[in-house]
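The values are calculated or read from the model by the stated rules, or taken from the named source; none is laboratory data. In this text, all values refer to a predicted model and were calculated from it rather than measured experimentally. Cβ: placed from backbone, ideal geometry, glycine included. Neighbour counts: every protein chain shown. Just so you know, the surface numbers come from the protein's heavy atoms only, side chains and all, with ligands and any DNA or RNA stripped out. Shrake-Rupley method; radii C 1.70, N 1.55, O 1.52, S 1.80 Å.
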Amino acid sequence: MDGNNPDNAGRSHVPPISAIDRRCFLRLSAFFSGGLLASGSLLGCLQGEEGKGQIVSVNDDGSVIIRAGCPSHNCGGRCVLKLHVRDGEIVRIETDDRPTDDISDPQLRACIRGRSYRRRQYHPDRLKYPMKRVGERGEGKFERISWDEALEILASRLKRVKEKYGNSAILVPYGTGSYNQTNGRQTAARLMNLFGGSLGFYNSYSWACISRATPYVYGTSVTGNQRQDWINSRYIIMWGWNPAEMRDGTNSEFFIKKARENGARVICIDPRMSMSAVSLADEWIPIRPGTDTALMSAMAYVIISEDLHDKDFINRCCIGFDKSQMPDGLEEEESYIDYIFGTKDGVPKTPGWAEEITGIPARTIIRIGREYGSIKPAMLYQGYGMQRRAYGEQPVLGGCVLAAITGNVGISGGWASGIALQVADGGPLWNVFPTGRNPVREMIPVFLWTEAVLRGKEMGPEDGVVGGDRLQNNIKLIWCVASNILINQHSDVNRSAEILKDENLVEFIAFQDQFMTPSGRFADLVLPVCTQFEVWGLQDGWKYGDEVIINPKIYDPPNEAKSDYRICAELSEKLGLKDEFTQGRDEREWIEWAVNHFRNTRFPEIPSLDQLHEKNRGVYSVPVEKPKVALSDFRDDPENNPLNTPTGKIEIFSRQLYDMDKPDVIPPVPKYIQEWESPFGEESKRFPLQAVGHHYMPRVHSIHDQIDWLEEAFPQRVFINPLDASDRGIKNGDQVRVYNERGEMVIPCRVTAKIMPGVVNIPQGAWWTPDEEGVDRRGCVNVLTSHKWTPLAFGNAQHTIMCQVEKA
């Protein structure tokens, strides 16, 4: 596998453009605009004086090194790759080698997914030509057609649905396959907005509950200190958080390591002994999935009982902690302390109570409660898996409240918890490609798109619809761009497949991607898309980060693949919208526009696109010398710097939630609520094991599933505890059947003590591969998941699964 080699011997340096003659500059320009590299003709142009700014550099074998952003697939990071290109082919990939290990501006080092990207770039299964369906929908039978025919089909279908039903019957679904501006669903969204709009959606599959719940406490999602401040923390709880594997901002694991070197104690609370638990934590505490709020409540019991809470901060900055702080007119309602001590429900949330629910010994709960309450400053970082569950809003609220009652809000080394977007300016912008205003005002929760197919006209506010009292249409046309959400990544795969097979429901499906994914098999029209190495692009950091990385076009797309932008531009001509859509720009000119946009927003000193090549090695970064601290102004003076909550304070008790009048599922203070599929419910008699599907090192959601190097290093398996395996006569490596009432799979198992008893782990993203009997043979966890959604955010609860495992 390609690795990082710091040895630069035999490599010549490239002078800045000003030191290159016009003929050489034109040759370089031709290369960077997409021409194939002819190393001999460029070698003379690329020799330069030692120490000058670098565009590219040349190895003794004639290969040219180009620095580029790792293709942006929503992996949780944004990294720099060193591409060794020879005779028009990437022959080796390394990563960022900028000479710095400074915590203010560290290297952006790629993981194995980025370093193995050649195996995806040159994979034989890449889509090559436009195709139309010739068999039954879902059979995966297609025939090759021309681009002109393909675009005529799509244009005519769009016009037909618009005329017959209206624009709200069109959906360009959620998709995160590309974030480089010119590749990705944002290009289709722009065109549809010019065409009259399409059904809108809000929220995401990643952050539904955490993004919705955090503002109920803080009035904002910007609750995170800049990461350089993490080194000032003395106690860090990684609660279901696995940055070593899923990234969550390039270098997050680096900052945790630096905090440990600086004396911080790190604990990891997770059903799995994750890669982060192994490499970053001092202690792993396994917890039963879906019981996080019970543990949080018991920790609060310890903190309050032992007088470890920050009474001054609570009195000045919070509301709803006890009876003296309740909102006007609600003085007799249940405060947070009432819930913790069981004043109203008669159940004190003691460590012993939580032990029975969480599986964590009471003595451990007491210890970590004391540690978090007494070691200052402390950081409780919430991962996202715990909020992709039934009642996933509750652990988000619970984590925010723990941070508040211990006074870890608004201080260096502390952490307000919640979604914790970066304080400096809200953090990275991701897509800046302008999509314009959607004329269709109705929006649905992103997870409820199958409901909008089945009963769109019946859906209203009770289903999370905003922008109107009811939807005007059921979904009749889906244009799926850079997304595998139709099948693989949506809940209850078998249900989704049955819905999409019915052509009386969705009348037309267009699919635009680089590979024939399980979603693509259900398309009527397939359009091949180039990779991010074959089109100009630009990206900034992922959630955290103060950098912009260019994605230069290395060479032209192979066969008949095109960028998402080019496809939309050609389609716009058939729709009579070309001038409005393109504004006369090609892909590179839109990236120049994007650089200017960053200059006018986050990065006023960013150089031009050409200068990014010349001087910045493809990345522009801003060192963070004095990290900013979220909510510090509020903490210092809450009267003059109120939060954007109804009371201007941190709302431990939320009147907004109280007014929803759903206390059993949306309580006004964070509570543990038993999940609708639970080891404590009747369903556990048939399906006694909980299942989770974590973000796996070899994949970005479902991207990279077909890459041989990654599969060899991290094969798809179900992970099961030795106690559960022994009870079932299962040995390591056995083929096992995993099933519930929604579906089943047969895959190999890994017997390991790195997952707690009673829980199995099926890494998410494996491509659904049913046999003739409908049994999945690859291990797609969504065969088992439910399409039921959470009560407040209307978010996906795909980690709430009960199942059974037996030897196949």
Other-chain or far-sequence residues with amide H under 5 Å of residue 732's (modelled H): 751
Most to least packed among 782-792, 477-487 [average Cβ atoms within 10 Å]: 477-487, 782-792
DSSP bridge pairs, the chain: antiparallel proportion in percent, nearest 5: 55
Burial order of peptide ranges 75-87, 136-148, 595-607 (average beta-carbon count within 10 Å, highest first): 75-87, 595-607, 136-148
Listed residue (179, 168, 138) projecting farthest to the positive dipole end of region 101-188, Cβ model: 138
Carbon + sulfur, % of accessible area of the chain - ligands and nucleic acids excluded, 1.4 Å: 47
Residue 701 accessible area, assembled protein chains, probe 1.4 Å, Å²: 40
On Cα atoms only, tilt of 362-374 relative to the major axis of the chain in degrees: 70
Selection from 565, 752, 716 lying farthest towards where the dipole of the chain points positive, charges on Cβ: 565
For region 223-319, size of Cβ-based charge dipole, Lys and Arg +1, Asp and Glu -1, in debye: 180
Cross-link partners of residue 82 among aspartates and glutamates (Cα-Cα below 14 Å; sequence separation of 8 or more within a chain): 2, 7, 94, 96, 97
Part-to-part distance (alpha-carbon centres) for region 640-660 and region 713-786, which is given in Å: 44
Crossing angle, helix 564-574 versus the chain [Cα axis fit, 0-90 degrees, rounded to tens]: 70
Residue order for 726, 72 - accessible surface, 1.4 angstrom probe, largest first: 726, 72
Summed residue charge, Cβ within 10 Å of residue 242's Cβ, Lys/Arg positive, Asp/Glu negative: -2
Distance histogram for region 464-609 (every C-alpha pair counted, 10 angstrom bins, percent rounded to whole numbers): 10, 27, 31, 25, 7, 0
The chain - accessible surface per residue (Å², probe 1.4 Å): 35
Residue 469 accessible area, 1.4 Å probe, all protein chains in place, Å² to nearest 10: 130
Two-decimal ratio, region 682-785, of alpha-carbon radius of gyration to 2.2 N^0.38 Å: 1.03
Per-q log10 I(q)/I(0), the chain, q = 0.06, 0.08, 0.11 Å⁻¹ (Debye; single scatterer per alpha-carbon; no solvent): -0.38, -0.70, -1.34
Listed pairs 501/807; 323/788; 323/349; 628/671; 457/574; 257/553 exceeding 27 Å between Cα atoms: 501/807; 323/788; 628/671; 457/574; 257/553
Relative packing of 240-246, 742-748, which averages over residues the other C-beta atoms within 10 Å, highest first: 240-246, 742-748
Distance between region 511-536 and region 101-129 - C-alpha centres, whole angstrom: 19
Region 116-165: translational diffusion in µm²/s, Stokes-Einstein, Kirkwood Rh over Cα pairs, 37 °C, 0.692 mPa s: 247
Pairs of alpha carbons in region 272-357 whose separation is greater than 15 Å (percent): 67
Size of electric dipole in region 413-501: Cβ of Lys, Arg +1 and of Asp, Glu -1, about Cα centre, debye, nearest 20: 300
Dipole magnitude (debye, nearest 20) for region 664-808, charges at Cβ of Lys, Arg, Asp, Glu: 340
Extension gain from residue 626 to residue 726, taking 0.36 nm per residue of separation minus the Cα-Cα distance: 30.6 nm
